[in-house]
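Read-outs: derived from the displayed coordinates by stated rules, not from any lab. As the structure is a computational prediction, the values presented were derived from the model and not from experiment. Here the Cβ positions follow ideal geometry from the backbone for every residue, glycine too, while neighbour counts run over all protein chains shown.
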2 protein chains.
Amino acid sequence: MTIGIVGAGQLGRMLALAGYPLGQRFLFLDPSPDAPAGHVAPQICGAFTDAKLLARLARETDVLTFDWENISVEALRKLPKRTRISPPIDALAAAQDRVEEKKLFERLRIPTTRWQAVDSRAQLIKAVERIGLPGVLKTRRLGYDGKGQHVLRRMQDVEAAWDALGNAPLLYEELVPFDFEVSIIGARSVRGEVAVYPLNGNVHAGGILRLTRAPFGSVALQRAAARYLRRVLTHFRYTGILTIEFFVRRGRLIANEMAPRVHNSGHWTIEGAETSQFENHLRAILGLPLGATRARGHCAMINLIGEKPTAADLLAVEGLHLHDYGKAPRPGRKLGHLTLVERSAPLRDRRARRLLSRLAPELRIP
Amino acid sequence: MTIGIVGAGQLGRMLALAGYPLGQRFLFLDPSPDAPAGHVAPQICGAFTDAKLLARLARETDVLTFDWENISVEALRKLPKRTRISPPIDALAAAQDRVEEKKLFERLRIPTTRWQAVDSRAQLIKAVERIGLPGVLKTRRLGYDGKGQHVLRRMQDVEAAWDALGNAPLLYEELVPFDFEVSIIGARSVRGEVAVYPLNGNVHAGGILRLTRAPFGSVALQRAAARYLRRVLTHFRYTGILTIEFFVRRGRLIANEMAPRVHNSGHWTIEGAETSQFENHLRAILGLPLGATRARGHCAMINLIGEKPTAADLLAVEGLHLHDYGKAPRPGRKLGHLTLVERSAPLRDRRARRLLSRLAPELRIP
């Protein structure tokens with residue numbers, strides 16, 4: 001089979017690298033002539049919204065998927081009816097719009113932050129009065145890695161926030177003073193089989209994920225997160241990998257957002273789980289049996305952001321696995337990640353802290 | 001860096017898949033337009049002996065290596081002096097000629113079979129008289145997977161053996177009634193660092209490897225095999241992965257042959273070792289620190305020969321890792337392999353036997 005992937009970033013690259021051993025072939029669509037996945041598979045170079053190129057991608061492949069959720073739902077809906085698209089377009093549409101996403105969480109009784117849609121300065125003031133401060137103003141669409149967000153701590157911040165983001169549909173929500181952040185990742189296959197990974201403990205800085213540890217958190221937390229994930233999977237008759245990110249406060253989960261795709265917080269599964277999230281996404285959309293999701297140890301995944309030490313420096317660290325995405329360095333850019341798989345959580349934490357003190361000395365790890 | 005690989009078979013394919021996460025790029029040279037590695041990386045289509053294409057491969061890449069040892073040493077020697085070639089050409093030359101290989105083993109005091117070069121029917125008769133029966137007549141060059149071999153059990157077999165192979169330089173050696181077969185795989189880097197993997201226990205049928213179990217054998221056997229491997233690595237100031245296959249009889253090692261490359265008996269290292277043989281070959285030839293070679297469990301690797309069940313059937317087996325090389329089925333052809341990593345050797349053996357009883361019911365496993 002040939003799998004068409006819209007978006008040729010590092011997620012697409014890792015999907016292809018997981019799919020080759022299964023005997024699959026790949027074709028990517030991405031506007032960048034030097035996209036990470038384009039180094040490892042054929043790529044059509046063009047806009048995600050180009051209806052002709054999307055149609056060509058669909059024609060030349062057996063199933064379409066994406067490594068990036070900010071693609072045109074309208075363009076996907078215009079593809080011939082016989083085109084197999086996984087995950088389902090409805091899930092993609094919900095994840096693209098923060099208001100739709102919040103409504104979905106509420107409909108499925110998944111606790112989330114208090115929120116209000118904002119389309120004018122007056123509505124923003126009303127939302128701040130109703131929900132309170134601190135809060136976050138976010139664009140409804142096209143946000144990722146902390147982009148399109150503005151934190152409000154005092155009433156006076158309304159002006160700056162509105163000036164920064166006011167030209168797009170918005171959402172205002174409470175800023176949750178969380179104890180920590182987690183994410184849950186799972187797959188549902190076209191045969192309806194579901195497999196859920198151990199919970200990930202995530203540390204962000206500047207809106208960008210820096211560190212994931214897994215397995216993480218209590219059994220109760222794992223169960224609750226998996227239960228919420230299954231509700232979304234069932235709701236959409238979902239196919240592929242789905243991720244939900246949560247804040248945890250006083251032992252309770254508060255859904256932050258979902259991603260209808262493989263997720264940065266699941267990169268540890270390449271070495272650290274029996275079957276990686278990338279392989280399970282492909283198994284799910286191809287109708288193959290899902291692979292075991294159990295952890296093979298205590299894992300830490302550290303992102304390489306903006307700059308990276310040489311491979312020689314990194315690989316001198318015993319047991320460290322390097323994933324270099326082949327991207328040119330640029331401030332704030334995810335260039336690669338590192339994974340450690342250790343025998344115990346304390347050992348894992350000690351080694352992760354030591355590595356992070358070199359790579360991101362400014363980061364505080366809870 | 002871009003790595004040039006002569007030969008685009010499954011070994012080259014797995015080298016590329018191991019090298020992409022290290023941020024490396026690849027270019028292959030192979031005559032087949034549908035070679036396994038050509039599905040995952042760019043390929044120059046042409047003969048291994050084509051001096052112009054080899055020169056182009058060398059020019060467009062930073063270091064040359066090979067996934068197949070039956071390539072022209074003469075053509076490699078004609079490349080510009082500045083071309084980095086790993087493993088060293090001298091090691092390749094020794095491995096290509098069974099007489100040179102036997103002389104090397106003897107020079108390095110590595111026990112091997114009794115043997116004699118054979119260039120005429122009269123020499124064959126003399127060799128059989130001196131070494132005895134049963135024995136094996138083998139072509140000095142271009143043998144692999146049991147090809148170019150003829151077993152002699154009685155003096156009358158001389159005629160048939162000579163008729164089959166007599167038009168090439170030959171070697172006659174004793175047929176060792178071995179208790180079992182093992183292989184040892186290790187890497188030496190351009191910085192002189194050496195790393196050796198746990199011993200592999202191998203089961204062949206019809207000259208083709210069917211099953212590898214690792215770690216395998218006693219500590220004494222592991223130590224002796226590693227000692228012999230290090231002698232060859234040091235002798236050639238070797239760079240890359242080297243493999244030696246041994247017969248084991250009454251607890252003693254008898255070297256059968258060596259391969260100056262990643263080896264089928266090391267495929268279990270992809271999931272089963274901290275660092276795979278493919279990654280360590282690349283680390284070795286790029287001058288990067290070598291990765292840990294310890295096993296992550298008790299591993300079995302089973303080759304898929306000639307035909308293969310569907311991916312759906314195979315992946316329904318819990319914990320089974322599939323490696324499909326993307327090759328068209330053909331009798332005797334290696335189409336892929338399966339790997340199991342288990343908590344104990346008995347569990348591993350039980351699961352491997354069950355799988356093999358389905359895939360190769362004719363195979364007897366010691």
**Q.** the range B:239-250 residues that are within 14 Å of B:THR293 (Cβ to Cβ), paired with ones that are charged (D, E, K, R) (beta carbon under 7 Å, 6 or more apart)
**A.** B:ILE241/B:ARG261
Q: Identify all residues within the range A:91-114 that are closer than 26 Å to A:PHE48 by Cβ, surrounded by 17 or more Cβ atoms within 10 Å (Cβ to Cβ) and out of contact with any Pro (no Cβ under 7 Å at 6 or more places or on another chain); write none if there are none.
A: A:ALA93, A:ALA94, A:GLN96, A:ASP97, A:ARG98, A:VAL99, A:GLU101, A:LYS102, A:LEU104
Q. How about the range B:65-105: which of its residues are small (Gly, Ala, Ser) and in a helix (DSSP H, G or I)?
A. B:ALA75, B:ALA91, B:ALA93, B:ALA94, B:ALA95
**Q.** 2 or more residues more than 12 Å from every other protein chain (Cβ to nearest Cβ) and within 23 Å of A:VAL40 (Cα to Cα): qualifying helices (runs of 4 or more DSSP H) within the range A:268-328
**A.** A:277-286
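This table checks each residue for (1) touching a residue at least 24 places away in the same chain (Cβ under 8 Å); (2) surrounded by fewer than 24 Cβ atoms within 10 Å (Cβ to Cβ).
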site	(1), (2)
B:ILE3	yes, no
B:GLY12	yes, no
B:ALA18	yes, yes
B:ARG25	yes, yes
B:SER32	yes, yes
B:VAL40	yes, no
B:ILE44	no, yes
B:ILE85	no, yes
Q: Kindly indicate which of B:GLY332, B:GLY326 is touching a helix residue (DSSP H, G or I) at 6+ places or on another chain (Cβ under 7 Å), on the phi > 0 side of the Ramachandran plot and not hydroxyl-bearing (Ser, Thr, Tyr).
A: B:GLY326
Q) So which of A:ARG343, A:ARG294, A:ARG283 ends up being touching a residue at least 12 places away in the same chain (Cβ under 8 Å) and farther than 21 Å from A:VAL262 by Cβ? A) A:ARG343
Q. Does the range B:208-224 include one or more residues that are surrounded by fewer than 20 Cβ atoms within 10 Å (Cβ to Cβ), touching a residue at least 60 places away in the same chain (Cβ under 8 Å), assigned to a strand (DSSP E or B) and hydrophobic (A, V, I, L, M, F, W, C)?
A. yes
Q) For the range A:225-242, what are the residues that are part of a helix (DSSP H, G or I), among the β-branched types (Val, Ile, Thr) and under 16 Å from the mean Cα position of the chain (by Cα)? A) A:VAL232
Q) If we scan the range B:243-258, do we find a residue that is small (Gly, Ala, Ser), under 28 Å from B:VAL219 (Cα atoms) and in a loop (DSSP other than H, G, I, E, B)? A) yes
Q. Just wondering, is there one or more residues in the range B:115-131 that are in a loop (DSSP other than H, G, I, E, B) and surrounded by fewer than 17 Cβ atoms within 10 Å (Cβ to Cβ)?
A. yes
Q. If a residue has to be part of a loop (DSSP other than H, G, I, E, B) and either within 11 Å of another protein chain (Cβ to nearest Cβ) or touching a strand residue (DSSP E or B) at 6+ places or on another chain (Cβ under 9 Å) (or both) to count, how many in the range A:329-352 make the cut?
A. 6
